[in-house]
Amino acid sequence: MDSTVRIKDKTFRTSIPEAEILKRVKAVADKINADMAGKNPLLLAVLNGSFVFAADLMRMITIPCEISFVKLASYQGTTSTGRIKEVIGINEDLTGRTVIIVEDIVETGLTVKRMIESLGTRNPESIHICTLLLKPERLKVPLDVDYVAMKIPNDFILGYGLDYDQQGRNLRDIYTLVEE
């Protein structure tokens, strides 16, 4: 069922319904459960966008795991500025840990690459990338994204934690911008 929402000055239409999102999140959780058995991975969820995905994902992970949150900023409006400023750091000791970065969306890959470099100095055993959404045609750096719930075209989207100028994160489905 297609529906539209108006957020500020833009119109968005349903592109991925909640039931489909949750099915894909479950598939990612199942893969993590299999791959990470016996490892007690630390999920590092990148705020603000990934909090809904991280919550649903964590509840579907059945192996022992932990979660923490990191906040980075690179967005203004509808385009990534490409500049990343770390806002809130990590308090956990990552030495010897299996770390899974949990992102809402990977576009250019620059944010995740910078995070991997930063986390790498803390001696983790391994670092894995898990994202709700991947825009393969936008990638600017080679990235090995271990866990991808969905690959999407280069559209501007919101809902399920993703925003447009801080609005729309509360929508249960994912919506795509309608060109007006």
Quiz item: For the cross-link pairs 71/151; 10/113; 8/31; 39/140; 10/71; 8/140, which exceed 28 Å when the distance is taken from alpha carbon to alpha carbon?
Solution: 10/113; 8/31; 39/140; 8/140
Quiz item: Given +1 on the Cβ of Lys and Arg, -1 on the Cβ of Asp and Glu, and no further charges, what dipole in debye does the chain carry about its Cα centre, rounded to the nearest 20?
Solution: 120 debye
Self-check item: Computed label-point distance, nm, for sites residue 31 and residue 114 using a 7 Å Cα→Cβ extension
Solution: 2.6 nm
Practice problem: Can you tell me the dipole magnitude for region 23-72 around its Cα centre, using point charges on the Cβ only (Lys, Arg +1; Asp, Glu -1), in Debye to the nearest 20? | Solution: 160 debye
Quiz item: In nm, to one decimal, how far is the modelled label at residue 71 from the one at residue 92, with both set 7 Å along Cα→Cβ?
Solution: 1.9 nm
Self-check item: Simple spin-label estimate for residue 178 and residue 141 in nanometres, 7 Å along Cα-Cβ
Solution: 3.7 nm
Exercise. Write down, largest first, the equivalent ellipsoid semi-axes of the chain in whole Å, where each equals the square root of 5 times an eigenvalue of the alpha-carbon gyration tensor.
Key: 27, 19, 14
Quiz item: Taking the Cα atoms only, what angle lies between the long axis of helix 110-120 and the longest principal axis of the chain, rounded to 10 degrees?
Solution: 20 degrees
Practice problem: Classify region 19-76 as rounded, prolate or oblate, taking a ≥ b ≥ c as the square roots of the eigenvalues of its Cα gyration tensor: rounded when a/c is under 1.5, otherwise prolate if a/b is larger than b/c and oblate if not. | Solution: oblate
Quiz prompt | Order by protection proxy (mean Cβ within 10 Å, highest first), peptides 168-175, 3-10 | solution = 168-175, 3-10
Exercise. Set the Förster radius R0 to 22 Å, insert the Cβ-Cβ distance between residue 63 and residue 19 as r into 1/(1 + (r/R0)^6), and round the FRET efficiency to 0.05.
Key: 0.30
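Bear in mind that the values in this text are calculations on the coordinates, not laboratory data. All values reported here derive from a predicted model rather than from experimental measurement. Note that we place each Cβ from the backbone using ideal geometry, even for glycine, and neighbour counts take in every protein chain shown.
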